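Undergrad: For reference, the structure I am asking about is given below.
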Amino acid sequence: MSNLTQNFTNPNNQPLVIGDFSIRQDQDGRYCLNDLHKASGGLAKHKPSNFIRNQQTQDLIVEIEQFSDMSSTDFDRCSNMSIGQKAVNTIKGGVKQGMYVVEDLVYSYAMWISAKFHLIVIRAYKMLVTQWKINDRQSISPEQQALLHEIVARRSKGERKIIAEMWARHNRHFKI
């Protein structure tokens with residue numbers, strides 16, 4: 001499972017936020033269409049049930065689920081779904097009540113509503129992924145930092161120009 005997939009299923013991570021609305025997720029990382037509906041303005045014509053009944057949506061669900069049944073390493077790199085996972089999960093009753101869908105259907109739903117809402121969803125998701133990447137960065141311990149400084153000092157033999165070049169290469173390599 002990729003780090004991104006793990007982030008989807010980890011309830012302790014930041015939720016997808018669109019405007020003033022936090023989009024809930026189920027235990028498998030699917031997003032709540034009911035929350036997206038509220039974030040889009042809540043018009044009756046944009047109800048999740050109307051979207052799901054749409055033939056194009058039904059065809060997309062079939063394709064997504066057939067694709068998730070592939071047992072390929074390529075699949076792991078291009079999707080956040082688990083093998084055999086359903087694209088839609090409806091929870092009736094309780095605090096988590098709603099229709100939950102995979103990321104591909106989130107984009108499709110947003111596009112179905114309007115180009116503007118589609119762009120808002122794309123940008124919100126990009127911000128979420130960027131935040132995950134920032135939070136996922138690992139740091140080294142003070143002991144490791146001291147060792148690294150010692151290595152640079154030893155290899156550069158105290159020459160400032162070489163020290164600066166080594167740190168520049170280090171920072172470029174680790175994207176610091």
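Undergrad: If you scan region 16-33, which residues turn out to be out of contact with any Phe, Trp or Tyr (no Cβ under 7 Å at 6 or more places or on another chain) and in contact (Cβ under 8 Å) with a residue 40 or more places away in the chain? Before the answer, list the steps.
TA: Going through region 16-33, the residues out of contact with any Phe, Trp or Tyr (no Cβ under 7 Å at 6 or more places or on another chain) turn out to be 17-22, 24, 27-28.
Of everything in region 16-33, those that are out of contact with any Phe, Trp or Tyr (no Cβ under 7 Å at 6 or more places or on another chain) and in contact (Cβ under 8 Å) with a residue 40 or more places away in the chain turn out to be 17, 18, 19, 24, 28.
Undergrad: Filtering region 92-113 down to residues that are surrounded by fewer than 17 Cβ atoms within 10 Å (Cβ to Cβ) and not polar (S, T, N, Q), which residue is nearest to residue 42 (Cα to Cα)?
TA: Kept after step one, since they are surrounded by fewer than 17 Cβ atoms within 10 Å (Cβ to Cβ), are these residues of region 92-113: 92-97, 107, 111.
Filter once more, so that each one left must be not polar (S, T, N, Q): 92-96, 107, 111.
On the way: 92: 20, 93: 20, 94: 21, 95: 19, 96: 18, 107: 17, 111: 15 Å.
Taking the candidates together, the pick is 111.
Undergrad: When you go through (1) farther than 20 Å from residue 15 by Cβ; (2) modelled with pLDDT of 85 or more one by one for residue 103, which number turns out not to apply?
TA: Answer for residue 103: the failing condition is (1).
Undergrad: Here is a follow-up. Filter region 7-27 down to the residues that are modelled with pLDDT under 90 and within 17 Å of residue 87 (Cα to Cα) and list them by number.
TA: Listed by number, the residues that qualify are 8, 9, 27.
Undergrad: Can you name the residue in region 57-87 that is β-branched (Val, Ile, Thr) and open to solvent by less than 40 Å² (accessible area, probe 1.4 Å) and, of all such residues, is modelled with the lowest pLDDT? So that I can check it myself, show each step before the final result.
TA: Narrowing region 57-87 to residues β-branched (Val, Ile, Thr): 57, 61-62, 64, 73, 83.
If we keep only those that are open to solvent by less than 40 Å² (accessible area, probe 1.4 Å) as well, we get 57, 61, 64.
On the way: 57: 95, 61: 95, 64: 92.
Only one residue tops the list, namely 64.
Undergrad: With respect to the numbered conditions (1) modelled with pLDDT of 90 or more; (2) under 30 Å from residue 45 (Cβ atoms); (3) open to solvent by less than 90 Å² (accessible area, probe 1.4 Å); (4) out of contact with any helix residue (DSSP H, G or I) (no Cβ under 7 Å at 6 or more places or on another chain), which one is the sole condition not fulfilled by residue 116?
TA: Unmet for residue 116, out of (1) modelled with pLDDT of 90 or more; (2) under 30 Å from residue 45 (Cβ atoms); (3) open to solvent by less than 90 Å² (accessible area, probe 1.4 Å); (4) out of contact with any helix residue (DSSP H, G or I) (no Cβ under 7 Å at 6 or more places or on another chain): (3).
The values are calculated or read from the model by the stated rules, or taken from the named source; none is laboratory data. On a predicted model such as this, the values are computed, not experimentally measured, just so you know. Note that each Cβ is placed from the backbone with ideal geometry, even for glycine, and that neighbours are counted across all protein chains shown. For the accessible areas, the whole protein counts, side chains as well, though only heavy atoms, and no ligand, DNA or RNA atoms are used. Shrake-Rupley method; radii C 1.70, N 1.55, O 1.52, S 1.80 Å.
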